[in-house]
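The values are calculated or read from the model by the stated rules, or taken from the named source; none is laboratory data. Quick caveat, the model's predicted, so the values are computed rather than measured. FYI the Cβ positions are ideal-geometry reconstructions off the backbone, even for glycines, and counts take in every protein chain you see. Remember, those area values only see protein heavy atoms, side chains included, never the ligands or the DNA or RNA. Shrake-Rupley method; radii C 1.70, N 1.55, O 1.52, S 1.80 Å.
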Amino acid sequence: MKIKEVELRTIHLPLVRPFRTSFGTQISREVLIVKVTNENGTTGWAECVAMSEPLYSPEYVAGCIDLIKRFLIPALKAKPEINAEDVATVLKPFLAGQMAKASLETAILDAQLKDQKVSLASYLGATKSKVECGVSVGIANNLEALGQEVKSYVDAGYRRIKLKIEPGWDIEAVKFIRNLYPDVPLQVDANQAYSRDDGKHLARLDEFNLLLIEQPLDEHDILGHALLAKEVKTPICLDESIISLKSAEDALALKATTIINIKPGRVGGYLESVKIHDLCVKSKIPVWCGGMLETGIGRAANLALAALPGFTLPGDTSASARYFKQDITTPFVMEDGYLTVPNKPGIGVEPDMDFLESITRSKEVIR
Ligand code: NPG
């Protein structure tokens, strides 16, 4: 297809409750929404999952906008025609910006698939029409507050609970929730908050029958994760460390991880995500779809990916109500612990334009 214009829009959406992790507290989302229009006038939408600040990853919203305008769009526009399948190759010379690149590739893919009348789910190879939902629970002020929040999610039907942990908020929090819910599928996420010396401490989590410990160490410390895997019985799952197919291959070969969290933004897009999924299926490694507090635009595409057969663990694919009072698309509503995978062409959802305009902070059109 030919790209006629790209719209870069930032919106501001408050979260229904603050979300605290080991790297900070978020009370709202500043989201970069990308819209691509092609020669047929078809529009494709995507969400860039970068946060406002480079705390989870080196990317951040203002940096992504700069990268997209300064380098990525000119590179794509230099080609007379561009298909989603070519985007990663054309953008490969630019070393930065997995999330920025993913957003452009996804918007182009949405427009392309709409023209072909194919849903993203069937294009990616989905085999499920609904996916099991997990929920990620931030660090709370105290155990009582944590218990109340987890109860609300268990009562709502979530099929797996993930607790955010950090030094000082780990063993006791897990023990408390495990005592309340002896059978709920439970896992923890440290977002790199521990060091190689913490093996003995983290091994104290082994008695709580957790599905996994996510990203305990620095994202660059692949060897550290491999060493830690010998000290703890709970499976280690990498998130931040997995930024591409190659990094997934390395982590698996070095036995640094036995489960992988796939986030399309973090690995450069949905096409790279499918490659990682295929590698994991071949290697008999379970995968699950991570979340970045996405709006309905990003959530729709995540659900398409999570419907692939290798996604055998519930992901951080929660209902819209978990995040926002009002979503920018028709809200995703959980039924019996599942979300339905969109099956309309492309990502299968469109933003509510009136609401989108009302929460827009900046908008720029590049022709
Ligand atoms: O449900 O989308 C969600 C949030 C899931 O915990 C979650 N995401 O480290 O995986 C993470 C974390 C995160 C959130 C990371 C926001 C970066 C920003």
Mind listing whichever residues of segment 113-129 are surrounded by 15 or more Cβ atoms within 10 Å (Cβ to Cβ) and more than 10 Å from Pro345 (Cβ to Cβ)?
-> Ala121, Leu124, Gly125, Ala126, Lys128
Buried (at least 18 other Cβ atoms within 10 Å of the Cβ), of a type in the set (Gly, Ala, Ser) and at pLDDT 95 or above: does that describe Gly134?
-> yes
When segment 116-127 is examined, which residues are found to be in a helix (DSSP H, G or I) and touching a Pro at 6+ places or on another chain (Cβ under 8 Å)?
-> Gln116, Leu120, Ala121
Could you check, for segment 146-158, whether at least one of its residues is under 22 Å from Pro286 (Cβ atoms) and open to solvent by less than 10 Å² (accessible area, probe 1.4 Å)?
-> no
Is there a residue being under 19 Å from Thr234 (Cα atoms) and either in a helix (DSSP H, G or I) or of a type outside the set (A, V, I, L, M, F, W, C) (or both) anywhere in segment 136-153?
-> yes
When segment 101-117 is examined, which residues are found to be closer than 15 Å to Asp66 by Cα and in contact with a strand residue (DSSP E or B) (Cβ under 6 Å, 6 or more places away or on another chain)?
-> Ser103
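Considering segment 176-214 alone, what residues qualify as being outside any loop (DSSP other than H, G, I, E, B), aliphatic (A, V, I, L, M) and open to solvent by less than 40 Å² (accessible area, probe 1.4 Å)?
Quick first cut of segment 176-214, residues outside any loop (DSSP other than H, G, I, E, B) only: 176-180, 186-189, 196-208, 213-214.
Cutting the leftovers down to aliphatic (A, V, I, L, M) gives us 177, 180, 186, 188, 202-203, 205, 213.
Ile177, Leu186, Val188, Leu202, Ala203, Leu205, Ile213 - these are the residues of segment 176-214 that are outside any loop (DSSP other than H, G, I, E, B), aliphatic (A, V, I, L, M) and open to solvent by less than 40 Å² (accessible area, probe 1.4 Å).
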Name, by its number, the condition in (1) in contact with a Phe, Trp or Tyr (Cβ under 7 Å, 6 or more places away or on another chain); (2) surrounded by 20 or more Cβ atoms within 10 Å (Cβ to Cβ) that does not hold for Lys164.
-> (1)
Restricted to segment 1-48, and to residues that are touching a helix residue (DSSP H, G or I) at 6+ places or on another chain (Cβ under 9 Å) and small (Gly, Ala, Ser), which residue is nearest to Ala145 (Cα to Cα)?
-> Ala46
